[in-house]
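Enquirer: Here's a structure for you.
The values are calculated or read from the model by the stated rules, or taken from the named source; none is laboratory data. These numbers come from a predicted model, not from an experiment. Using ideal geometry, Cβ is built from the backbone for each residue, glycine included, and neighbour counts are taken over all protein chains shown.
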Amino acid sequence: MQRLRLVTTDLLFLSHSDTEDIYHHMNKEIILAAFMILECEPGCSMEEIRASFRQMVKVWHPDRFPNDPKLQHKATEKLKLINEAYDLLKQVYSEVEQDADLESQPRATAQPTFVRTESQPKKSDDVEYKVGQEKIEITKEWDANTKQLFYKKIIVKVLSFDGRHVSIQTKIFTTKPVPPNESFEEASTSSMSFSLSPEQGARRVCHTDGSSFFMPPSEHEWSGNDYVFSDGSTVSIHGQTTDLFFHDENKKADWCRRSSNLHGLDEGYIIFKKRQNWQVCFEITQRAIDLHANNCWGWIHRSFALNRLSKTKEAYESLRQAFEMFPKNATISYNLACYSSLLGDTRAAKDWLKSAFRLALKDGSFDKYRKMAIEDIELSSIRNDVTKIALLSKLSRFF
């Protein structure tokens, strides 16, 4: 179920306390993800799951898209995920039915043993994480299919945190099957050593039989790498970057306002534009100009915010300055035409619109700007001339 594990790795640090069993909750989140993939309500009957599974297989079968390779590839990947989700839920429901039998197995007396090097990075109200700290969990697990015990060691590490996005790496080691009375130390000595030793720029996981597994040199090169040793012990490395504010638009908006990169500022601008909070939009775009004056994004959107704040004259003057820096930008010329029209200067509006059309012809966006100009209420003062200006601009290429 590697795909489903990758989907939910990021939830480890978000929902559970420092004293809870990581793997237990990972399983819980994987199961919830499986229900979501099959579009079933959690806890529904196996008959409902089976019916939904069959319906989704019909919908996403690759043979339904013989003439569309891209859609066929997407359907193939979707079908793999559907099958994995269905197999997982079948196993879960089977284990529920066997609870009475499992209770009599050694797992009932095998309690998780927690070994920690450092505590899990703490999360305050502002969601603070400490980069580099690790959480280590060691548990004894029971495999209901093979009826065998094994030890599992999970290392969760925070790789990076910028106040909003946290990157987490998870390493999962399992030993070969062990007798009920064997300790973790004995199991790991007779199975995997769990040691990570630097070698030729990489890190090596050593095994007592002399074999080894080379991990990527960079901690950020993790995409679900798995290795199974000859005795059945395994190592799995994967991780994910999580947006901690994904479900909290207020925190996301506050973070975006303080962002120093254009992507974050643009995201914040979109949020406050949707709320029609033009003053904050102005502040965000002003910050973009202060930090990235050579990028036209801040100039264009600051003038737009000024116009929405009924400061059309300032919007025009600001963008007129930007035109000197970005003379080949069709959007700047188009917006200058709009502001000129709103200010009652129809002659300037026509000249700027003509400039916008000529620039748009060069980058292949002429039709988009022509349609936009015809429908734009801000160009209402020259609406009767828009079609003629567009035609003349197009014909100008031949003279």
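Enquirer: Condition (residue is among the aliphatic types (A, V, I, L, M) and either not assigned by TED's automatic domain parsing to the domain that holds G268 or not in a helix (DSSP H, G or I) (or both)) applied to the stretch 332-342: is it met by at least one residue?
Expert: No; the residues of the stretch 332-342 include none that is among the aliphatic types (A, V, I, L, M) and either not assigned by TED's automatic domain parsing to the domain that holds G268 or not in a helix (DSSP H, G or I) (or both).
Enquirer: Here's something else I'd like to know. Among the candidates I284, I270, which residue alone is crowded, with 20+ Cβ neighbours inside 10 Å and modelled with pLDDT of 85 or more?
Expert: The unique qualifying residue is I284.
Enquirer: Return the pair list, or none, for Cβ contacts closer than 6 Å from residues in the stretch 65-91 that are under 17 Å from L32 (Cα atoms) to residues that are of a type outside the set (D, E) and outside any helix (DSSP H, G or I), at least 6 apart or on different chains.
Expert: Final answer for the pair search is E84/M1; A85/L38; L88/M1.
The rows are residues; the columns are (1) at negative phi; (2) at pLDDT below 60; (3) in contact with a His (Cβ under 7 Å, 6 or more places away or on another chain); (4) among the aliphatic types (A, V, I, L, M).
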{"position": "D63", "(1), (2), (3), (4)": "yes, no, no, no"}
{"position": "N67", "(1), (2), (3), (4)": "yes, no, no, no"}
{"position": "Y86", "(1), (2), (3), (4)": "yes, no, no, no"}
{"position": "S94", "(1), (2), (3), (4)": "yes, no, no, no"}
{"position": "L102", "(1), (2), (3), (4)": "yes, yes, no, yes"}
{"position": "F114", "(1), (2), (3), (4)": "yes, yes, no, no"}
{"position": "D125", "(1), (2), (3), (4)": "yes, yes, no, no"}
{"position": "N145", "(1), (2), (3), (4)": "yes, no, no, no"}
{"position": "K152", "(1), (2), (3), (4)": "yes, no, no, no"}
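Enquirer: Being more than 23 Å from Y93 (Cβ to Cβ) and assigned to a loop (DSSP other than H, G, I, E, B) is the filter here, so list the residues in the stretch 43-79 that pass it.
Expert: H61, F65, P66, N67, D68
Enquirer: Of the residues Q321, Q286, only one is of a type in the set (S, T, N, Q), within 37 Å of the chain's Cα centre (by Cα) and assigned by TED's automatic domain parsing to the domain that holds C256; which?
Expert: Q286
Enquirer: Just give me the residues in the stretch 305-329 being in contact (Cβ under 8 Å) with a residue 24 or more places away in the chain and surrounded by fewer than 21 Cβ atoms within 10 Å (Cβ to Cβ), in sequence order.
Expert: R308, L309, T312, K313, M325, F326, K328, N329
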